[in-house]
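A short write-up of the structure that comes next.
The values are calculated or read from the model by the stated rules, or taken from the named source; none is laboratory data. Quick caveat, the model's predicted, so the values are computed rather than measured. Here the Cβ positions follow ideal geometry from the backbone for every residue, glycine too, while neighbour counts run over all protein chains shown. To get the accessible areas, we keep the full protein, side chains included, count just its heavy atoms, and leave off ligands, DNA and RNA. Shrake-Rupley method; radii C 1.70, N 1.55, O 1.52, S 1.80 Å.
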Amino acid sequence: DVASSVCNAEALSVAAQLGPSFGILDTGATKTVIGSQLISSLINSLSPNIRRRVSRCPCKVVFRFGNLSTLESEQALVIPIGRLFLKVAIVPGSTPFLLSNTLMRALKAMIDTKSQMLHSPVLKKSLPLNLTSKGLYLIDVNQLALLAEAVAEGSVKETFTNVDVESKSEKSAEE
């Protein structure tokens, strides 16, 4: 059908222009989804550090799309985003990589439409948003994961180096 082929053409255009790690922000979607034909490209586009921690899990969900079609997922890809895990339901075919509003809420994201940036306390710095030819926001999930990982690593190191409580209790135990 026409809606599906337009959507698939958009996905192929995004992947060709920017790369397969770019997902379309779908604020009307509560679950993140991707077509099975795009999975290996997405995985291969992730940084080795992120890619080695990607996993799969069972995920039985029926997706209803705007064109009234339905697709069912059997499993999901799980991508680490700092201390969060992005569950990407896999459906048959070439459904574009659609990022959900649930991800945006988990990130506590604020979208600045004027500067086309995504701001989040989970990220080391703001993430630039790209626009498709149809005016849809694109997010680079690889960059998202790297920025979130930097924050997660930084906070772990900070917690580890701030051992004042332990050193004070050790000193008081020695006295």
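Brief remarks on what is shown
- Residue check for residue 75: under 20 Å from residue 27 (Cβ atoms) and of a type in the set (S, T, N, Q): no
- Looking only at segment 57-67, and only at residues there that are free of Cβ contacts under 8 Å to residues at least 60 places away in the same chain and surrounded by fewer than 13 Cβ atoms within 10 Å (Cβ to Cβ), the one that is nearest to residue 26 (Cα to Cα): 64
- Screening segment 17-34 for residues that are part of a loop (DSSP other than H, G, I, E, B) and farther than 18 Å from residue 85 by Cβ and picking the one that is most open to solvent (accessible area, probe 1.4 Å) gives 27.
- Residue within segment 146-154 that is at pLDDT below 70 and surrounded by 11 or more Cβ atoms within 10 Å (Cβ to Cβ) present: yes
- Taking segment 68-127 as the range and being among the β-branched types (Val, Ile, Thr), surrounded by 16 or more Cβ atoms within 10 Å (Cβ to Cβ) and part of a loop (DSSP other than H, G, I, E, B) as the test, the residues that pass are 95, 122.
- Scan of segment 39-60 for residues that are hydrophobic (A, V, I, L, M, F, W, C) and either more than 19 Å from residue 91 (Cα to Cα) or at pLDDT below 95 (or both), ordered by number: 46, 50
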